[in-house]
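Okay, so here's the structure we're looking at.
Taken together, the values in this text are just the output of simple stated rules run on the coordinates, not laboratory data. Predicted model, so just to flag it, every value in this text is computed and none were measured. As a convention, Cβ positions derive from the backbone with ideal geometry for all residues, glycine included, and neighbour counts pool all protein chains shown.
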Amino acid sequence: MATYQKRGYKPKTKEEVEEQVHEESATAEVFDSLDEGATRTEAWVEENQKPIFIGIAVIVLAVLGYLAFEKFIQEPKELEASNEMYQAQNYFNEAIEGSVEKDSLFSLALNGGEGKYGFLDIIDNYGSTKAGNLAHYYAGMAFLNTNKYQEAIDQLEDFSSDDMMLAPLAKGAIGDAFMQLEQPEDALSYYKEAAEMRANDFTTPRFLMKAAQTAIALGENDKAASFLNTIKEDYSESAEAANVPLYLGMTEAE
């Protein structure tokens, strides 16, 4: 009996048939391999169900524990610390504004008064809070203003911030403390760090100028000139820019 073939039908060559068989065989091998892998995975999961579930439970409990800690412990503690620090900040601000009782006000800010904590108490009792961190800054500045320079350095070193102003002000204040301790090399390092860490029109030229003045005192005129030229070129509208020619002249004369 004759076999009907469609018009235009072209029988496959031996090579094409062999290639098709090879491809089908390879595909089958891939699926067999996948089936084997899936089977092994299923077997492993079945054998290790208990530790897997325990691991998942531990992760879930850790996340829930963290959220509960933040909500019911840390947040109330943050609020309590901020409320406690309010009076200390008032003492500090009054001292900065020029009261005749500066030293006693700074002392109250540090140690507390009127039944409220001072900055040192805030640090001891709320050290893990944002208020506790900020208290390091205020305490450092209070010590600096009462000529307790090593204490100022210790407190300011413990302060950390991403704030555009507070971060460089803290570093620069450490430089001021080292200058008072007659350690200008250390002061220069901190002034340079303060100038470079958060570029802005207030703290950057301020600490560039202090760095330049310190470098001149150390006889490092090239460094001083570099600091001064940065003020001249990038901060020409700053108050410090008016004194740049004077100090540049000092670096050239020496």
Take the Cα coordinates of the stretch 181-254, assign each an equal point scatterer, and use the Debye formula without solvent to give log10 I(q)/I(0) at q = 0.11, 0.21, 0.28 Å⁻¹.
-0.23, -0.82, -1.30
Hey, any idea what Rg/Rh is for the stretch 132-226, computing Rh the Kirkwood way over Cα pairs?
0.98
Relative contact order computed over the stretch 161-253 (Cα-Cα under 8 Å; 6+ residues apart), in percent
22
Can you list residues whose amide H is under 5 Å from G112's amide H, if they're 5+ apart or on another chain and H is modeled 1.01 Å from N?
G118, F119
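Could you list, in their original order, any pairs among K171/K192; K102/K171; K102/K192; K130/K210; K210/K232 whose Cα atoms are separated by more than 20 Å?
Numbers: K171/K192 9 Å; K102/K171 23 Å; K102/K192 30 Å; K130/K210 30 Å; K210/K232 14 Å.
Beyond 20 Å: K102/K171; K102/K192; K130/K210.
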Among 138-150, 81-93, the order from most to least packed when residues are scored by Cβ within 10 Å on average
138-150, 81-93
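In the stretch 91-165, which GluC sites (Glu not before Pro) are in a loop and have at most 12 other Cβ atoms within 10 Å, using DSSP for the loop call?
On the way: sites: E94, E97, E101, E114, E151, E157; in loops: E97, E101, E114.
Listed in order of number, the matching sites are E97, E101, E114.
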